[in-house]
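A short write-up of the structure that comes next.
Here, each number is a calculation from the coordinates, and none is a lab measurement. As the structure is a prediction and not an experimental result, all values here were calculated from the model. Reconstructed Cβ throughout: ideal geometry from the backbone, glycine too, with neighbour counts over all protein chains shown.
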């Protein structure tokens, strides 16, 4: 069987981009006509978003650069973006949600409607044109980061929004791998996202399986490469110090740093002995508030163990939160010798398609969990449907080597006050807890974290004194 | 150690801020002035560049001469590609395109950046410059009501058109070419006037002189295909508008 050829699965999840934002150019530029991306003209009626009497359409960004704001993508805003109509989601409220969230008058070329051309995302576009892409991969939930990442790595989510909270890790992939003797490692380019699950802290700190990203290439060339590798970018919302820069592609970041990380990861894998029997899954946690033209299909979320938000959104304004669909499409690529070259797979996937694949490969005949099986029963396919029984890439093609052009800027975050964003608060809370509970292990895993803690303590003390004196 | 700590503290705590960035218009006549007001923390600059109107196949726009006024002093700036104005942390500008005989519509990007300690905070504003007349659209999400589709709401023209343009004509551009809304007669009500616009028909001048803003109602009969399958109902209904600079 094709799946038996896969000995190492690499999971690489970025943040907050829609399919059309990153891969919509494939069809528009004629690079992959079979992909359900954008079509010319991009100002046609079916792509129209409406706001306050105005019409808004997709547009290609002139350059890859930092945006003015993060885009709204909490469950109440997603409900507005989907703009449910009599026939289901209409994908017509992205600009409206942006205006509500930012309090600004939208420009004609409004950020949620933007997409990249192939030259602006050269590594993503190269991989998409070379290997297999999935153009019916939806985020599992029509909401934000924490719930979607939880479904990705637990198969279900007991939370429905993103905030400072201890996220339940019921049924997490690490416990599952431990129980089934599956060797795994997590390579993190910054603070690991999994520290937001307090139940995972002991595993993170003591298992020896969380390693700096810089060791990935050497480990892939080592004697015992793991069976499952999770690669984590440096999250924008996490604390940063010194030369570290975020590269998770989370708006308002430019995506150039993420393109660079993707290239380095692909190069590390494709030039290692692991390549011949590997599958790298590159996907995004959710759409991040960017427009996508494909309505997500109906889905019974409550029936698969997920927490359901209230129908009435906070403040009583906006569209009702129906929460009866999958989330918007996200970019997803399968990179392996064991996928068809230059191919688009139209099967319906979500993040639990990965969990289905892992179970088929490492625990044949035994599903990952009951809730993942219930999602499968509602039409979510396993990634194994995209694998081939013959190898197509004895030698992996080299990625473009040109410098990646983008307008680089770090997001200006003020550490003198706690972060504004829910994810920023969550990361900061988790980092502080990590330092408080096991400072020795934290120091070993993240040597710069204690410096960051000292810095925020000092900055906030000064800010407090300043406020009092005023 | 203490020095290192102080350096780290300085690097991490240092950041830019944009407290205010306001541009007074989103659509103007070619030579109308507009204002930019701001307040920031950090090195501040405004990058300006012009392109042809989005979604058109118009060629690149020619350079234009800007008259930039600040604190009672005016300078001219030849805007060729992307020009950057370095600014203090607080202030206001008045900007106007100087007449040069060119009447090409143009679309202006203004990227406003506060920079400090290798960090940026940004905002972007866009302005469309039109000669005497301009094309646009008014539209709303459509919902079935009986056998009709109804799209209506308040058109907040101040957001896009300011007070400098008025309706000259309206048209129904549903064409049935497969890419757009199905062709249908549209019953349009605005400014106390109701008219019927036929698909692909000539522009109607019945709303000439009315404001762009205010309540609009656009109604049309559902097609047989839409009645059988509501998934075929279009997201919205719209009318094309031709506006005239006043």
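Spin-label model, residue B:73 to residue A:308: label points 7 Å out along the Cα-to-beta-carbon direction sit 6.6 nm apart.
Residue order for A:192, A:143, fewest other beta carbons within 10 angstrom first, comes to A:192, A:143. Computed from Cα atoms alone, the Kirkwood hydrodynamic radius reported for region A:13-154 is 16.1 Å. Taking the C-alpha atoms only, the angle from helix B:2-13 to the longest principal axis of chain B is near 20 degrees. Estimated at 0.36 nm per residue, the fully extended path between residue A:164 and residue A:402 surpasses their Cα-Cα distance by 81.7 nm. Shielding value for B:221-231 is 1, the average number of Cβ atoms from other chains within 10 Å of each residue's Cβ.
Beta bridges per DSSP, both residues in chain B: antiparallel share near 95 percent. Only DSSP H runs of four or more residues enter the estimate; each adds -39500 (n - 2.57), and after division by the residues of chain A the mean residue ellipticity at 222 nm equals -8500 deg cm²/dmol.
Computed from the C-beta positions of residue A:62 and residue A:363, the FRET efficiency with R₀ = 35 Å rounds to 0.10.
Remark: spin-label model distance residue A:119-residue B:133 equals 3.6 nm, labels positioned 7 Å along the Cα→Cβ axis. Normalised by residue number, the volume inside the convex hull of the Cα atoms of region A:188-328 is 191 Å³ per residue. Springs join every pair of Cα atoms under 10 Å in this Gaussian network model of chain B, and among B:89, B:224, B:152 the largest mean-square fluctuation is at B:224. Mean per-residue shielding of peptide A:81-94 is 3, counting Cβ atoms of other chains within 10 Å of each Cβ.
The C-alpha radius of gyration of region B:111-246, expressed as a fraction of 2.2 N^0.38 Å, stands at 1.28. Among A:2-11, A:282-291, A:440-449, the peptide with the highest mean count of other Cβ atoms within 10 Å heads the list, and the full ranking is A:282-291, A:2-11, A:440-449. Note: region A:190-229, Cα convex hull, 77 Å³ per residue. Between residue A:433 and residue A:39, the FRET efficiency from the beta-carbon distance, with R0 = 56 Å, is close to 0.70. Put the Cα centre of region A:339-375 next to the Cα centre of region A:117-147 and the gap is 17 Å. The equivalent ellipsoid of chain B has semi-axes of 43, 24, 16 Å, largest first, where each one is the square root of 5 times an eigenvalue of the Cα gyration tensor. By the Stokes-Einstein formula, at 1.567 mPa s and 4 °C, region A:94-165 with its Kirkwood radius over alpha-carbon pairs has D equal to 84 µm²/s. Label sites at residue B:47 and residue A:181, each approximated as a point 7 angstrom past Cα along Cα to Cβ, lie 5.7 nm apart.
Working note: Cα atoms of region A:257-339, range along each principal axis, descending, whole Å: 55, 30, 22. First obtain the Kirkwood hydrodynamic radius of region A:344-447 from its Cα pairs, then insert it into the Stokes-Einstein equation at 37 °C and 0.692 mPa s, and state the resulting D in µm² per second as a whole number. Reported coefficient: 172 µm²/s.
Residue exposure proxy: B:205, A:59, ordered by other Cβ atoms within 10 angstrom of their Cβ from fewest to most, comes out as B:205, A:59.
Take each residue of peptide A:39-52, count the partner chain Cβ atoms within 10 Å of its Cβ, and average: the result is 5. Report the far tail of the P(r) of region A:81-215, meaning the percent of Cα-Cα pairs longer than 19 Å. The proportion of pairs with Cα distances above 19 Å equals 69 percent. Only counting other Cβ atoms within 10 Å, I'd like A:278, A:369 sorted with the fewest neighbours first. Ascending Cβ contact count within 10 Å gives the list A:369, A:278. Size check on chain A: the Cα extents along the three principal axes, sorted descending, read 66, 58, 47 Å.
Calculate the FRET efficiency for residue A:267 and residue A:4 from the Cβ-Cβ distance with a Förster distance of 25 Å, rounded to the nearest 0.05. The value I calculate is 0.40.
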